[in-house]
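> Sharing a structure, written as structure tokens. Questions coming.
The values are calculated or read from the model by the stated rules, or taken from the named source; none is laboratory data. Treat the numbers as computed from the prediction; the structure is a model and nothing was measured. Don't worry about glycine lacking a Cβ; one is built from the backbone with ideal geometry, like all the others, and counts go over all protein chains shown.
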Amino acid sequence: MFYFEESELEHLIVHQAGNKSQNEELLLSEEEVNIDDTLKEVLVSYFFNSFKEGVFYQFAEESLPDNKVFQSAKIIFETAEELVDESKKITHHLYEQSYHPNIKSGEVYVALFRNCIIEDEVVDALGIFKSETKQPFLKVFAQNDNVQLGHDTGININKIDKACLIFNTEVETGYKVAIIDVSGKSKDAHYWKDDFLALEKRKDDYYQTANYIGICKGFVKDVYNQSNGVERADQIEMLNKTAEYFKEKEEFDIQDFKQNVIANEEVIQAFEEYREKVAEENELEIKDNFDISETAVKKSRAQFKSVLKLDKNFHIYIHGDRQRIVKGYDSSKGMNYYQIYFEKEN
């Protein structure tokens, strides 16, 4: 993860970029913004607060020689005095990618930060931010012995629309990069990450952990299921054992996982086939051994649901010993049932 408590905003310039396809304006500033300490504090909070996850990207290695943002970042990290000129190039490049009709105009901030802590390393960071959404706000002021109200529109400093932080480390492989894009899965979303920045996910521990958790969950859903004769309680047990493994272990080892979580040769073979299929279809580069990312595990907790839903009448939460719940069928009533064994009632 990264921490910004000690980060210092050293340089900042603001431009405006409209939608090129709509013939909107591109306005490039000639000078950096003069900011006092109070405004710096507000801006640092605005720029950084939305970064929550531990997902890191990098500039796609095959595109590094021609990647305009990567090349500008290198120059700025080497010579901060070049920020004005290079920020113009960055903003112009962003404008050139703004051809989808849904892309909104907005302010583009290019900032250089010192003392950013990322995974125990202190580095500089280049930030590229875009604010697109304006919100109404009230203005309260005194006039002629009365308190009056007015209104205006401005930027919500608690949420930024698009953001990119380029950390000055591992330049040879395309830096470590974190991004935000609130447009999510909308049709114009790809222009920030793909067209403008040309990023790809880093194949780090977070990547490996998140992908394996997704594969395990998918295996239970798609293969280890009732269609193949697996009871729902056994599915839940598999999910619980998987969640426990990733929570308690510091390192993932595929052989250890298969022996202690799956523990059935026929199911292990099915899991291997499913893992290879998913990796090939989704072009995943997964390893057999890696350090488990605690951040990825915490984010995945909602994926492991241990609830056995019985019609609309009962929910049974299974957290432990699978042998204490037994499924049966009552022919006289024509209904399924579960027997649950326990030592004491809390």
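> If Glu86 passes every condition in (1) without any contact (Cβ under 8 Å) to a residue 12 or more places away in the chain; (2) within 17 Å of Lys74 (Cα to Cα) but one, which one does it miss?
Result: Glu86 fails condition (1) only.
> Could you say whether any residue in the stretch 307-316 is buried (at least 17 other Cβ atoms within 10 Å of the Cβ), over 20 Å from the mean Cα position of the chain (by Cα) and at pLDDT 85 or above?
Within the stretch 307-316, not a single residue is buried (at least 17 other Cβ atoms within 10 Å of the Cβ), over 20 Å from the mean Cα position of the chain (by Cα) and at pLDDT 85 or above.
> Please determine, by comparing only the residues of the stretch 141-162 that are without any contact (Cβ under 8 Å) to a residue 12 or more places away in the chain and not in a strand (DSSP E or B), which one is nearest to Gln16 (Cα to Cα).
Asn144
> Would you check if there is a residue in the stretch 236-252 being over 28 Å from Lys203 (Cα atoms) and either at pLDDT below 90 or surrounded by 14 or more Cβ atoms within 10 Å (Cβ to Cβ) (or both)?
yes
> Exactly one condition in (1) surrounded by 14 or more Cβ atoms within 10 Å (Cβ to Cβ); (2) within 30 Å of the chain's Cα centre (by Cα) is not met by Ser29; state its number.
Among (1) surrounded by 14 or more Cβ atoms within 10 Å (Cβ to Cβ); (2) within 30 Å of the chain's Cα centre (by Cα), Ser29 violates only (2).
> If only one of Lys193, Lys203 is at pLDDT 90 or above, out of contact with any helix residue (DSSP H, G or I) (no Cβ under 9 Å at 6 or more places or on another chain) and either surrounded by fewer than 17 Cβ atoms within 10 Å (Cβ to Cβ) or not aromatic (Phe, Trp, Tyr) (or both), which one is it?
Residue meeting the stated conditions: Lys193.
> For the stretch 222-260, give me each residue that is assigned to a helix (DSSP H, G or I) and farther than 20 Å from Ala210 by Cβ.
Gln226, Ser227, Asn228, Arg232, Ala233, Asp234, Gln235, Ile236, Glu237, Gln255, Gln259, Asn260
> Something else now. Under 7 Å between Cβ atoms, which residue pairs at least 6 apart in sequence (or on different chains) link something in the stretch 290-301 that is in contact (Cβ under 8 Å) with a residue 40 or more places away in the chain and under 15 Å from Lys52 (Cα atoms) with a partner that is of a type in the set (Phe, Trp, Tyr) and assigned to a helix (DSSP H, G or I)?
Listed pairs, sorted by first residue: Ser293/Tyr206; Thr295/Tyr206; Ala296/Tyr206; Val297/Phe246.
> Now for a different question. For the stretch 11-29: of the residues being charged (D, E, K, R) and out of contact with any helix residue (DSSP H, G or I) (no Cβ under 7 Å at 6 or more places or on another chain), which is nearest to Lys104 (Cα to Cα)?
Selected residue: Glu24.
> If you take the residues of the stretch 44-67 that are closer than 24 Å to Glu172 by Cα and free of Cβ contacts under 8 Å to residues at least 24 places away in the same chain, which of them is surrounded by the fewest Cβ atoms within 10 Å (Cβ to Cβ)?
Going through the qualifying residues, I end up with Pro65.
> Lys89: surrounded by fewer than 20 Cβ atoms within 10 Å (Cβ to Cβ) and within 17 Å of Glu5 (Cβ to Cβ), yes or no? Outline the logic, then answer.
On the way: surrounded by fewer than 20 Cβ atoms within 10 Å (Cβ to Cβ): yes; within 17 Å of Glu5 (Cβ to Cβ): no.
Spelling it out, it is not the case that Lys89 is surrounded by fewer than 20 Cβ atoms within 10 Å (Cβ to Cβ) and within 17 Å of Glu5 (Cβ to Cβ).
> Identify all residues within the stretch 97-134 that are surrounded by fewer than 23 Cβ atoms within 10 Å (Cβ to Cβ) and touching a Cys at 6+ places or on another chain (Cβ under 6 Å); write none if there are none.
Passing the criteria: only Val123.
> Does Glu32 satisfy being among the acidic types (Asp, Glu), touching a residue at least 40 places away in the same chain (Cβ under 8 Å), outside the structural domain of Ala296 (by TED's automatic domain parsing) and at negative phi?
On the way: among the acidic types (Asp, Glu): yes; touching a residue at least 40 places away in the same chain (Cβ under 8 Å): yes; outside the structural domain of Ala296 (by TED's automatic domain parsing): yes; at negative phi: yes.
In short, yes.
> Does the stretch 135-167 hold any residues that are surrounded by 13 or more Cβ atoms within 10 Å (Cβ to Cβ), under 20 Å from the mean Cα position of the chain (by Cα) and not β-branched (Val, Ile, Thr), and which are they?
Of everything in the stretch 135-167, those that are surrounded by 13 or more Cβ atoms within 10 Å (Cβ to Cβ), under 20 Å from the mean Cα position of the chain (by Cα) and not β-branched (Val, Ile, Thr) turn out to be Lys159, Asp161, Lys162, Ala163, Cys164, Leu165, Phe167.
> Could you grab me the full set of residues in the stretch 262-284 that are under 14 Å from Tyr212 (Cα atoms), free of Cβ contacts under 8 Å to residues at least 60 places away in the same chain and not in a helix (DSSP H, G or I)?
If the condition is that a residue be under 14 Å from Tyr212 (Cα atoms), free of Cβ contacts under 8 Å to residues at least 60 places away in the same chain and not in a helix (DSSP H, G or I), then Asn282, Glu283 are the ones that fit.
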